[in-house]
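Below is one structure, written out as structure tokens; comments come after it.
The values are calculated or read from the model by the stated rules, or taken from the named source; none is laboratory data. Since the model is a prediction, treat every value here as computed from it, not as a measurement. No Cβ is skipped: glycine too gets one built from the backbone with ideal geometry, and neighbour counts run over all protein chains shown.
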Ligand code: AMP
Ligand code: GLY
């Protein structure tokens, strides 16, 4: 099969690495890819937003399957355009991608199908939002309805902060059209976990859990980021809780989407909070998480291509093999350019990665890397490398990942030193809760 993978992050490097290992894969192209992906794929210089050029390329090369990594092209309708051209796609249509692309759509769907989420209201008018805020009191969480690159959520400790956030979003100043509707919801507390499942429109196939470390600094300090590290499986998700996620959240949502005429095909990533021993849905993403995907690809035993093709063809129910995971922990430490998520320099040189990459149980995935004229590896973005290791315990995986980092010379980069650490905080009613986000 000839495959085209869309995206350029470490998530896509991890997917490319596993797709290229499949016996059925005869050619793998990445648009636009990164320098690290050159080890297993041919790069195509087309941007992820350039839908007409991606469709043309797919037809020209007679691609058999397109795998879409990031949410932008999914929400913009890349799947629909490719399917209209008769091409097989792993990833939801624009209508199904509204589970991530519109928080109001997601919340209303959950209400209709009785899926546990935080209590909420949706507003496009500041007057009605103010009334709701006054009635409910702080703390509250204010969210822009549309895609806002992970920045559209404000945890408001006072009603004044909530009003200001809602007003900034509704005016269009904060996030443009993505903020013209806001969701205001109840503030919840508890450990957070990421949970992944495949769906082919009807059948749900649970994959695995992971935990994301979202803050830039050690001890969960500093600003929010796209994710500075991850561990899989998530320590906070017991098998019993995972069953509750399948039954109470994923199955009703997938059945609901089919019933409403927008069946969901692809990977559904549930962002969950465990509240008083029950999983509550915070958000859906319609793609793999980054850096969570890197840890999942290190643990997956199946042929990834077989699984994604079965999903795209609506055949998850008759997959010959169950999904098997290595009974080990995988842990990813993200190395980012100094200053990330704030302003950071571009073009700093990264030393040779071979020593780190050749350690047993280690794989270094690239996100923002390119080669300069002298063939040196340089950093082109914020999050740049995902140093990922497997171990028989979280501690072993952690030690191996940090040992690999010792072998990497990149003065322009930094990483957290505490990925894998489980933090304990106290909830409102003095319950001790473990948290590692
Ligand atoms: P989201 O993009 O909806 O996942 O929100 C980003 C982050 O905001 C989550 O990972 C949580 O840490 C936090 N968050 C979102 N919704 C809530 C909520 N209702 N209560 C408390 N924290 C929340
Ligand atoms: N790591 C969270 C995300 O990919 O959205």
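State all residues of the range 244-269 that are farther than 19 Å from residue 68 by Cβ and within 16 Å of ligand 1 (Cβ to nearest atom); if no residue qualifies, say none. I'd like the intermediate steps shown before the answer.
Just the residues of the range 244-269 that are farther than 19 Å from residue 68 by Cβ, to begin with: 244-253, 255-256, 258-261.
245, 249, 253 - these are the residues of the range 244-269 that are farther than 19 Å from residue 68 by Cβ and within 16 Å of ligand 1 (Cβ to nearest atom).
Looking at the structure I just gave you, is residue 147 within 16 Å of ligand 2 (Cβ to nearest atom) and under 24 Å from residue 92 (Cβ atoms)? Spell out how you get there, then give the answer.
On the way: within 16 Å of ligand 2 (Cβ to nearest atom): yes; under 24 Å from residue 92 (Cβ atoms): yes.
Spelling it out, residue 147 is indeed within 16 Å of ligand 2 (Cβ to nearest atom) and under 24 Å from residue 92 (Cβ atoms).
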Of all residues making up the range 197-222, the number that are within 16 Å of the chain's Cα centre (by Cα), closer than 28 Å to residue 414 by Cα and either at pLDDT 95 or above or away from ligand 1 (no atom under 16 Å from the Cβ) (or both): 2
Matching residues, the range 150-174, being free of Cβ contacts under 8 Å to residues at least 60 places away in the same chain and within 16 Å of ligand 2 (Cβ to nearest atom): 152, 153
Every residue from the range 223-251 that is within 19 Å of residue 290 (Cα to Cα) and over 19 Å from the mean Cα position of the chain (by Cα): none
Tally of residues being within 11 Å of ligand 1 (Cβ to nearest atom), in a loop (DSSP other than H, G, I, E, B) and either modelled with pLDDT under 90 or surrounded by fewer than 17 Cβ atoms within 10 Å (Cβ to Cβ) (or both) across the range 130-161: 5
Any hit, the range 293-301, residues being closer than 18 Å to residue 72 by Cα and at pLDDT 95 or above: yes
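Any chance the range 312-320 includes a residue that's in contact with a strand residue (DSSP E or B) (Cβ under 8 Å, 6 or more places away or on another chain), closer than 19 Å to residue 110 by Cβ and away from ligand 2 (no atom under 16 Å from the Cβ)? First the steps, then the outcome.
We begin by selecting, within the range 312-320, every residue in contact with a strand residue (DSSP E or B) (Cβ under 8 Å, 6 or more places away or on another chain); these are 312-317, 319.
The next check asks that each one be closer than 19 Å to residue 110 by Cβ; those that pass are none.
No, every residue in the range 312-320 fails to be in contact with a strand residue (DSSP E or B) (Cβ under 8 Å, 6 or more places away or on another chain), closer than 19 Å to residue 110 by Cβ and away from ligand 2 (no atom under 16 Å from the Cβ).
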Failed criterion for residue 333 (all others in (1) within 16 Å of ligand 2 (Cβ to nearest atom); (2) in contact with a helix residue (DSSP H, G or I) (Cβ under 6 Å, 6 or more places away or on another chain); (3) under 17 Å from residue 68 (Cβ atoms) hold): (3)
Condition check for residue 20: surrounded by fewer than 21 Cβ atoms within 10 Å (Cβ to Cβ), under 22 Å from the mean Cα position of the chain (by Cα), modelled with pLDDT of 95 or more and under 16 Å from residue 308 (Cβ atoms): yes
Flag for residue 165 being surrounded by 20 or more Cβ atoms within 10 Å (Cβ to Cβ), within 27 Å of residue 274 (Cα to Cα) and either more than 14 Å from ligand 1 (Cβ to nearest atom) or more than 24 Å from the chain's Cα centre (by Cα) (or both): yes
Selection from the range 180-196 of residues that are surrounded by fewer than 24 Cβ atoms within 10 Å (Cβ to Cβ) and more than 11 Å from ligand 1 (Cβ to nearest atom): 180, 181, 196
Residue in the range 263-281 that is within 16 Å of ligand 2 (Cβ to nearest atom), at positive phi and within 17 Å of the chain's Cα centre (by Cα) present: yes
Unique residue being surrounded by 21 or more Cβ atoms within 10 Å (Cβ to Cβ), modelled with pLDDT of 95 or more and away from ligand 2 (no atom under 16 Å from the Cβ) when the list is 114, 107: 107
One residue from 381, 342, 375 being surrounded by fewer than 22 Cβ atoms within 10 Å (Cβ to Cβ), modelled with pLDDT under 95 and within 18 Å of residue 11 (Cβ to Cβ): 381
